[in-house]
Each structure stands twice: as C-alpha cells, then as structure tokens.
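Peer 1: Take a look at this one; I'll ask things after.
The values are calculated or read from the model by the stated rules, or taken from the named source; none is laboratory data. Quick caveat, the model's predicted, so the values are computed rather than measured. All Cβ positions, even for glycine, are placed from backbone atoms using ideal geometry, and neighbour counts span all protein chains on display. Accessible surface is based on the protein model in full, side chains and every heavy atom, while ligands, DNA and RNA are left aside. Shrake-Rupley method; radii C 1.70, N 1.55, O 1.52, S 1.80 Å.
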Amino acid sequence: MLDRFSFAYLQQLEYLDLSSCSISKFRLCAFCKLRRLEFLSLNFHLRSKFGGIGNVLKDMKSTSIISLKIRHLLCVVTKFPGDVFVGLYNTSIQLIEITDSLRVGGGESTSYKLPPSLQHLDLSNDTLMKFSLQMPYLTSLNVRYNSLGAFLADNIYMTSTQTDLKIIDLSWNSIYHLMFSIFHGHPQLERIDLSHNNLVDITFDMSHLINLRLLNISYNSLSHFNDTTIHTITDLFKNTELKIDLTKNALNCGCHTVNFLRWMLEYTDRFERFENYTCKFDTKDYILFSDFKQTVQHIDKECSKYTLIIALVSAGIIATIFVLCCGLIYRYRWTLRYMYYMTRSKYYRYKPVDVDEIYTYNAFVSYSDNERDFIINECIPNLEETFNMRLCLHQRDFLPGQDITVNMTNAIHDSKRIVCVITRAFLESYFCMFEFNMARMEGTYSRDGQNVLLVFYDRIQPKELPLMMLELVQQQSYIEYPHDAAGNVLFWEKMKEVLI
C-alpha cells in the first residue's frame, strides 16, 4: 500500500517506476507532494478492486506529470478510458499509456475530450470495442490489439474537425471495412498501420493525405486494388514518398487483376519487402514476386488469348442475335407494318360525319389498274346499283393529299370485307400486294381471319401464287369469275350473299 507518507521526504522525485511492485492499494495523496514528478509507471496486476486509480489521477493534478504508464488495470467503471482523460485534463501530460487492461461492463460511446497537452496516446490491448475522441493536438495514437472492427465499419473515431495526428496504429482489430471519410481531417498523417486485419478492399479516402509516408496493410485479405484506389495512390506516388506494405496478402494473378499487376510492376520500388510478396493463380498455385516481371508478361500473354476468344464469342453471339432479329422482323414484317399503320391512322384517319353502321363500306375492292374496266362495267353496276352496296375504290374514294398507305389502311379498317381481284398484274403490283397483306393482318388480329375474299379473275396455277396467298387459298373458300353470261349471274348473287 502507498499513502501520503510513502514519498513524504522525496519531494524532488521526477522519475518513478513501480511497474514491478506488488502494490494492492493507492490511498489519496500518495503522490500529491511530488511536485516535480514527470514520469510514473504503475502495474495493477488486474486486481478486482480497481486498486485506487481514481486517487492516483487526483494526485496527478498536483504534480508536473508528463508521462503516465499503466498496465493490467481492471476497469470496473463504465466510462473507461474517459475517466482517465477527465482526471488528467488540467495537467501537463504529454504521454498516456494504458495497456493490457481488462474492462468489465460495457463502455459508453460518449466522445471524450483529450487533455490539450497530450501528444501520444496508447490504448493497446484494452478490450476496447468502441471509442470516440476529440483530439485536435494528438500526434500519435495506438489502439492495436482491440476489437474495433465492427465499430469502425460504420463510425469514425475522431469527433473533432481536424487533428495533428501523424501516426495511427489500428492493427489487430478485426477490421473488415473502413468508412470513406475515416481519415478526413488528418492533414499531417504520415503513417497508417492497418496490418493483421480482415480488409478485402481499400474503401477509405487517401487523396488528401499529402504527407503520408507509409501505409501498412500487410496480413490482410487483399487480392488487388480497384481502379479508383490505383488512381488515388498513383497521384500520391507522384507527389509524396509514400510506401506500401502488402506482405502476406492473398494477391491474385489473373486476367481480372492484370491492370493491378502492371501497375505494381511500374512502381515496384514503392512496395516494402516486394520480393517476399506471393501471388495466387486461378489454378491455386502460388508464386513469389522475385521473378515478377516475367510473371506479368506471362499473364499478359495468356489473357490476350482469352480476350481474343471472348471477343470472337461475343461477336458470334451478337451476329447470331442480329440474324435472329432480322429473321423475326422478316417473318413478322407485315404484322409490324400493320401495327405501325394502324397506330399512325389513329392520328390521320378521315372520319365521315354521319356513320350509322359499324363499317362505312360493304367492301374495299383491291385491284390493279389493268382491271379498271371490270370494276367500272361490272362491279359498280352489279353491286352498288343493283344491290345498293357501298364499295370503296382507290381511284374514287381515297382522300386527295393523304398518304397512300394511310388511305389504304383506313379503307381496309372501314370495310366489312376486302375483295382482292386476283390477276397476274395484281400479283406483280407492290400496292396491290400491300393491300392484300394489310387486309390479312387486319383479319388475323381483329376479325378472326374472315374479312378477305379472293376473286380469281385470271386462271392462275397454284405454283404462281405467293406462299402467303396460297396458304389463305388452302384454308378458306375463294371464288372464280366465270367470264360467261350465265355464270356471271350466279357469280354476282354469291357476291351479294357474302358482302351484305
């Protein structure tokens, strides 16, 4: 035990090391008379009663303490290490080491304000799971051997806007991810130690760290750097003396990392212990970087073959898709054209003022100009004058100035039947075949295929017919014009039955 009499006659004492002493209790004012005391080292040996650390901290306000080292502290307070910083706030303390301590009970996430004079803080191996500090004047921070991985994945450890920190040690903390802004406000940072963690990617921003000299990310799970990280570090290489330690990482030698490998080859001198790095191929084989240049050349050669194969396969797939699309477009060309013209006709359609029937015309007659006499001398007298029907004829009923395809589409849509007068001239006419195919599409999608009537005016062999027309002839009935007086009477009667 130490009490107020222990050092009563040693008031000039400046350096006091009690780290090997088995002291169980520190009473109040054990050090209060040591006005010149600058260095104190204590070891609490994990005693269950906390050993009177509160009394020690109160005594420090009466000393000239600069360096305080405490080991094996059994902390049963809930605000560790905040209580230490509060107790030393109005002192001249410059270095605090509280290591190998055991904290009982969860700590709070309160942000603690460090003493303004403090420059070096060591909280290594203190079972810390979270901490936040206001540390504008701190230059060195060591929190290795803790459990800060989960906390630092979503939080930053500094609550002040800026710090003078030059060295930070976050090694052995099970860190798997760091926030992008974790090192923002660290303009003086020179050394970052993230070794012995579980990082698989560089997710934090380093672009502003113009004083950075060493980035230690050894003993992690990094396979390569992404393009953004490569670009950022390249800029730092050009303006700083930065060096990186990638020892004992699972670097990958494959086609998807070849750009990273080429970059490493270009900046070999910027990687610490480069010759000890290992690289794993996709075949699970490992290789040392002692012959790195030849390795990269070999990977480049192999990947160029794969690139050519991928390019050829991609070109083949694109060509196949293109041919398939062309085939489908050709196969359904009339369907697509029908849909296009029907959509277009919604905006350019002529609508009569008085329409009592569903269809404006009994029939739209599609014919070539060679059969004009047949239409004028036979169809009009027999169907319109005798049977009182309304026929739509392109030479008479199409609207002047209207697009011809719109006139055709409207005529087909407004007619109950589409009568195609089939002749060899009809088969050779582009517009006649257009009218036939539009009528066929109208029948397929709107009228159950019952709207087209084929009238064979010429004697035509089946082999002379287009495939689509031959298919229609085989599926539905058609009528032939007889070309004789007796047969003509029966022909017009049949036409009346169909069109009324």
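Peer 1: In whole percent, how big is the carbon plus sulfur part of the accessible area of the chain, probe 1.4 Å, protein atoms only?
Peer 2: Values: 13890 of 26160 Å².
Heavy-atom surface of the chain belonging to carbon and sulfur, 1.4 Å probe: 53 percent.
Peer 1: Estimate the FRET efficiency between His483 and Cys326 by the formula 1/(1 + (r/R0)^6), using the beta-carbon distance for r and 51 Å for R0, to the nearest 0.05.
Peer 2: Taking R0 as 51 Å, the efficiency between His483 and Cys326 is 0.70.
Peer 1: Right, something else. Between Glu14 and Asp373, with labels modelled 7 Å along Cα→Cβ, what's the label distance in nm to one decimal, could you check?
Peer 2: Here the answer is 13.5 nm between the modelled labels.
Peer 1: For Lys416, go through the aspartates and glutamates and keep the ones whose alpha-carbon is under 12 Å away, minus same-chain ones fewer than eight residues off.
Peer 2: Qualifying aspartates and glutamates at Cα under 12 Å: Glu357, Glu442.
Peer 1: Just tell me which aspartates and glutamates come within less than 17 Å, Cα to Cα, of Lys494; anything on the same chain fewer than 8 places away is out.
Peer 2: Partners found: Glu378, Glu384, Glu385, Glu480, Asp484.
Peer 1: Something else: Roughly how many Å² is the accessible area per residue of the chain, as a whole number, for a 1.4 Å probe?
Peer 2: Values: 26160 Å² over 500 residues.
Ligands and nucleic acids excluded, the figure is 52 Å² per residue.
Peer 1: Hey, another quick one. Highest first, please rank the peptides 397-410, 421-434 by the mean number of other Cβ atoms sitting within 10 Å of their residues. Can you show the working numbers first?
Peer 2: Details: 397-410: 16.0, 421-434: 17.9.
Final packing ranking: 421-434, 397-410.
Peer 1: Exactly which GluC sites (Glu not before Pro) in segment 212-312 are in a DSSP loop and have at most 14 other Cβ atoms within 10 Å? If you can, show how the numbers build up before the last one.
Peer 2: Details: sites: Glu241, Glu266, Glu272, Glu275, Glu302; in loops: Glu241.
When the GluC sites (Glu not before Pro) of segment 212-312 are filtered for loop state and at most 14 Cβ neighbours within 10 Å, Glu241 remain.
Peer 1: Now a separate question. Quick one, which of [x] 23.7, 90; [y] 46.5, 150; [z] 43.2, 169 is the actual Rg and Dmax of the Cα atoms in Å calculated for this model?
Peer 2: Answer by label: [y].
Peer 1: Suppose we keep just the DSSP beta bridges with both residues in the chain; what percent of those would be antiparallel, to 5?
Peer 2: Details: 3 of 62 bridges.
Once the DSSP bridges in the chain are tallied, antiparallel ones form about 5 percent.
Peer 1: Sticking with this structure for a sec: Which of the residue pairs Lys113/Lys166; Lys130/Lys243; Lys69/Lys166; Lys61/Lys166; Lys130/Lys166 have a Cα-Cα distance greater than 23 Å in the structure shown? Walk me through the numbers before you get to the answer.
Peer 2: Values: Lys113/Lys166 18 Å; Lys130/Lys243 29 Å; Lys69/Lys166 21 Å; Lys61/Lys166 28 Å; Lys130/Lys166 21 Å.
Table pairs above 23 Å Cα-Cα are Lys130/Lys243; Lys61/Lys166.
Peer 1: Restricting to bridges with both residues inside segment 140-290, how much of the DSSP beta-bridge set is antiparallel, in percent to the nearest 5?
Peer 2: Values: 3 of 20 bridges.
Taking every DSSP beta bridge with both residues in segment 140-290, the antiparallel ones total about 15 percent.
Peer 1: Which helices pass in the chain if a helix is a full DSSP H run, must span at least 27 angstrom along its long axis by Cα, and must have mean Kyte-Doolittle hydropathy not below 0.0?
Peer 2: Within the chain the helices that satisfy the rule are 292-331.
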